[in-house]
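Student: Below is a structure I'd like to ask you about.
The values are calculated or read from the model by the stated rules, or taken from the named source; none is laboratory data. These numbers were taken from a predicted model, which means no experiment stands behind them. Cβ placement follows ideal geometry from the backbone for every residue including glycine, while neighbour counts extend to all protein chains displayed.
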Amino acid sequence: MKNERVFLVVMGGDQKGIIARVSGLLFEQDCNIVDVQQKVMDGTFVMTMLVDIGDSKLGPSGLRGALEQLGERLGLTIMLHSEAVIKAMHRV
């Protein structure tokens, strides 16, 4: 089991089933949700997840593509960012 964590950001119009669809795709790809926060702000759904994708057979680029396709189907923006890159950007 390899540990490779990414931040996943989901934004768009609030609708039923967003969390279920995104988490279902992650489950199907052998990913583990480490942490999740979600909020609806003035009708806009915003969710951030910390996800371990180390066991995913798709790898980061394949998973990014699958999530972007899901986002297109749901009318959402879904972005995947490496935890290491985000931490490096915020290092003092």
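Student: What pairs come up if the first residue lies in the stretch 24-35 and is within 10 Å of Arg5 (Cα to Cα), the second is of a type in the set (Ser, Thr, Tyr) and surrounded by 15 or more Cβ atoms within 10 Å (Cβ to Cβ), and their beta carbons are under 8 Å apart, counting only those six or more places apart or on different chains?
Tutor: Pairs that qualify, where the first residue is within 10 Å of Arg5 (Cα to Cα) and the partner is of a type in the set (Ser, Thr, Tyr) and surrounded by 15 or more Cβ atoms within 10 Å (Cβ to Cβ), are Cys31/Ser56; Ile33/Ser23.
Student: Considering Asp30, Asp14, which residue is surrounded by 11 or more Cβ atoms within 10 Å (Cβ to Cβ), in contact with a Lys or Arg (Cβ under 9 Å, 6 or more places away or on another chain) and not β-branched (Val, Ile, Thr)?
Tutor: Working: Asp14 fails: in contact with a Lys or Arg (Cβ under 9 Å, 6 or more places away or on another chain).
Answer to the check: Asp30.
Student: What are the pairs, 6+ residues apart or on separate chains, where a residue within the stretch 52-72 that is in contact (Cβ under 8 Å) with a residue 24 or more places away in the chain has its Cβ under 8 Å from a residue that is exposed (fewer than 14 other Cβ atoms within 10 Å of the Cβ) and part of a loop (DSSP other than H, G, I, E, B)?
Tutor: That search, which allows pairs on different chains as well, returns Asp52/Asn3; Gly54/Met1; Gly54/Lys2; Gly54/Asn3; Asp55/Met1; Asp55/Lys2.
Student: Applying the selection to the stretch 36-92, what residues are charged (D, E, K, R), closer than 10 Å to Val6 by Cα and modelled with pLDDT of 95 or more?
Tutor: Step one: list which residues in the stretch 36-92 are charged (D, E, K, R), which gives 39, 42, 52, 55, 57, 64, 68, 72-73, 83, 87, 91.
Narrowing further to those that are closer than 10 Å to Val6 by Cα: 52, 83.
Residue satisfying the conditions is Asp52 alone.
Student: While we're looking at this one, here's another question. From the residues in the stretch 80-92 that are in a strand (DSSP E or B) and not small (Gly, Ala, Ser), which one is nearest to Leu25 (Cα to Cα)? Give the derivation first.
Tutor: Residues of the stretch 80-92 in a strand (DSSP E or B): 80-82.
Among the residues that remain, those that are also not small (Gly, Ala, Ser) are: 80-81.
Numbers: Leu80: 14, His81: 17 Å.
Looking at the filtered set, the residue picked out is Leu80.
Residue-by-condition table, conditions (1) part of a helix (DSSP H, G or I); (2) farther than 15 Å from Gly24 by Cα:
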residue: Gly54; (1), (2): no, yes
residue: Leu63; (1), (2): yes, no
residue: Glu68; (1), (2): yes, no
residue: Ile78; (1), (2): no, no
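Student: Is one or more of the residues making up the stretch 37-46 in contact (Cβ under 8 Å) with a residue 60 or more places away in the chain, in a strand (DSSP E or B) and more than 10 Å from the chain's Cα centre (by Cα)?
Tutor: Residues of the stretch 37-46 in contact (Cβ under 8 Å) with a residue 60 or more places away in the chain: none.
Scanning the stretch 37-46 turns up no residue that is in contact (Cβ under 8 Å) with a residue 60 or more places away in the chain, in a strand (DSSP E or B) and more than 10 Å from the chain's Cα centre (by Cα).
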